[in-house]
Amino acid sequence: MNHILAALFAIGILFGVYTGLENTLDIGEVQPRLEAVRGAVTAAVTAPTPAAAAGHLAAISEPLAALSDQAARLPRGHTERMQAFQETLDSALAAASASTAASIDPALASALADLEARWTRVEELGPITSQTLTVAALSAQGKRMFEDTTERAKSAVLEIAFPLIGLMAFWLGIMRVAEEAGIVQALARGLRPLFKFLFPKVPRDHPANGAILMSMAANIIGLDNAATPLSLKAMKELQTLNLDKETLTDAQGMLLTLNATSITLVPFSIIGYRLAYSSQLASDIVVPMIIATFFSTLTGIVLWKIVQRMSPDPAAGPEEAARITAEINADLQREAHR
Amino acid sequence: MIWLDLFNNWFILAIIFLIVAYAWIRGVRVYEEFIRGAKEGFDVAVLIIPYLVAILCAVALFRASGAMQVLQTWLAPAGSLIGMHSSLIPLALLKPLSGGGSRGLMIEIWETEGVDSLPGFTASVMQGSAETTFYILAVYCGAVAVRRTRGVLGPLLLGDLAGFIAAVLVSRWYFAAFLD
């Protein structure tokens, strides 16, 4: 986990710098357009009639559009200079659109006055150089990355963990009822051979079997919001057989693999979305999806069976596992009698 | 189609009802047992927060860095080898990282290419045949406070890759054979 986290950060920072530089505007492209706009703005502001001013501005609509396009990729208000530059572009665009609307529009006069004031401000702040553009683009990229990262920290709690409290309570409550009625155990007996292959070190009477079964069932019927609570319950049950407590056991890795490679058979939510987009082939995705899922799950299982051999399994051996299971079941018995 | 919708909306409700009804008939004290089970939920949901924040923030940084766009251009030739439409490559890259993001991308593909076009169809198949791997890793390990994962991410991501390749090839075949 340490390596994955460090790699994600390192790659993120590296590509962040790259993307920032990539987004930098080319001064060679910006400069001529800027000159064209500067010339036309000066001419328009000093033009004798509104019609003449409109003519000057109409002539620069192309470089203006290109500049505004480029400026849109830069951060708003990063430096005073860039902000003034961008406001000037906005102002020039407003003036140009006013000039096409009607040549003697009073809006044009005020737009021109606004433009003149802003242009003077840009000139005062100094020229736009290639350095200005690079700094602005890099700064924008850094800002975006920092904001996205911290925003995610908030949403991880508010949108994932908090809703999960309610969903976990609901589905674990239902599962408890199903367990007490003997439904889970009956289903688990039927799937014993499969479980023996996937989770060889989990004793057959361990409560993890029921939890794993329920999570698989929720996955298969595409019940997304029940699958996570039930799988987490299964992880906790498997943890009772984990002697190390901080290292993943073979069985926990297998549960992770089965869930992450998805064993959904009926993707209700995607079919629902497709119907909403008036698809004529909404449920035709089921067969190709089952085939694709089969390949991803099979690949995951086989690879995990190989990878798990490369490090020791912290799970209890057969005798220890049997002892732990007997203890848990005795506890459950006592609790039931109370 | 309306029947499917009806089934979809009643199926889960029916299962829940059957479980509760059967348990009640068999003399299970359904209310007390429900409460006992539900109590566990709170601890787990709170326990996973540090793990979620660590992994999802790293993923968010990675996504915002623009690395995906670069990877996308590198991977486009490999994708076209198996007849993968270029719009599907970002979906394959995003799927293990973000559930909401990849759903948005799938809908975008539907809107630009058409929901019943081959890319739109394949996008749905890809979306349905994989999960948000990083989220699952964070939540599952977080729930039991496991820190060392023994390299399980490799099999998970390669499983996703195998699923995506299968999704593209199977969708092409299925689309040409039955739907076109």
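The values are calculated or read from the model by the stated rules, or taken from the named source; none is laboratory data. Every value quoted in this text rests on a predicted model; they were computed, and no experiment measured them. Note: ideal-geometry Cβ built from the backbone for every residue, glycine included; neighbour counts use all protein chains shown. Quick note on the areas: whole protein, heavy atoms, side chains included, nothing else; ligands and nucleic acids left out. Shrake-Rupley method; radii C 1.70, N 1.55, O 1.52, S 1.80 Å.
Taken together, B:L153, B:L157 contain a single residue that is surrounded by fewer than 22 Cβ atoms within 10 Å (Cβ to Cβ) and within 18 Å of A:S231 (Cβ to Cβ), which is B:L153.
Among the candidates B:G83, B:G114, B:G163, B:G100, single out the residue that is open to solvent by 40 Å² or more (accessible area, probe 1.4 Å) and more than 30 Å from A:K245 (Cβ to Cβ). Residue meeting the stated conditions: B:G100. Test A:A186 against the stated conditions and say whether it is over 25 Å from the mean Cα position of the chain (by Cα), more than 10 Å from every other protein chain (Cβ to nearest Cβ) and farther than 22 Å from A:A315 by Cα. Answer is yes for this residue.
When the helices (runs of 4 or more DSSP H) confined to the range A:203-299 are screened for residues that are open to solvent by 30 Å² or more (accessible area, probe 1.4 Å) and hydrophobic (A, V, I, L, M, F, W, C), those reaching at least 2 such residues are found at A:208-220, A:268-276. The conditions of being hydrophobic (A, V, I, L, M, F, W, C), within 7 Å of chain A (Cβ to nearest Cβ), over 17 Å from the mean Cα position of the chain (by Cα) and not in a helix (DSSP H, G or I) are not met by B:V44.
Restricting the range B:37-69 to residues that are without any contact (Cβ under 8 Å) to a residue 60 or more places away in the chain and out of contact with any helix residue (DSSP H, G or I) (no Cβ under 6 Å at 6 or more places or on another chain) leaves a set whose member that is surrounded by the most Cβ atoms within 10 Å (Cβ to Cβ) is B:R63. Scanning the range A:280-338 for residues that are modelled with pLDDT under 90, out of contact with any helix residue (DSSP H, G or I) (no Cβ under 7 Å at 6 or more places or on another chain) and at the interface with another protein chain (Cβ under 7 Å from one of its Cβ atoms) turns up just one, A:Q280. Restricting attention to the range B:61-103, the residues being out of contact with any Leu (no Cβ under 9 Å at 6 or more places or on another chain), assigned to a helix (DSSP H, G or I) and of a type in the set (G, A, S) number 6. Taking every residue in the range B:15-35 that is over 7 Å from A:V177 (Cβ atoms) and pairing it with any residue that is not in a helix (DSSP H, G or I), at least 6 positions away or on another chain, the pairs with Cβ-Cβ distances below 7 Å are B:Y22/A:A181; B:R26/A:A181. The set of residues in the range A:235-277 being closer than 19 Å to A:K305 by Cα, among the β-branched types (V, I, T) and more than 8 Å from chain B (Cβ to nearest Cβ) consists of A:T249, A:I263. Taking every residue in the range B:105-133 that is closer than 15 Å to A:A292 by Cβ and pairing it with any residue that is of a type in the set (D, E) and not in a helix (DSSP H, G or I), at least 6 positions away or on another chain, the pairs with Cβ-Cβ distances below 9 Å are B:L118/B:D180.
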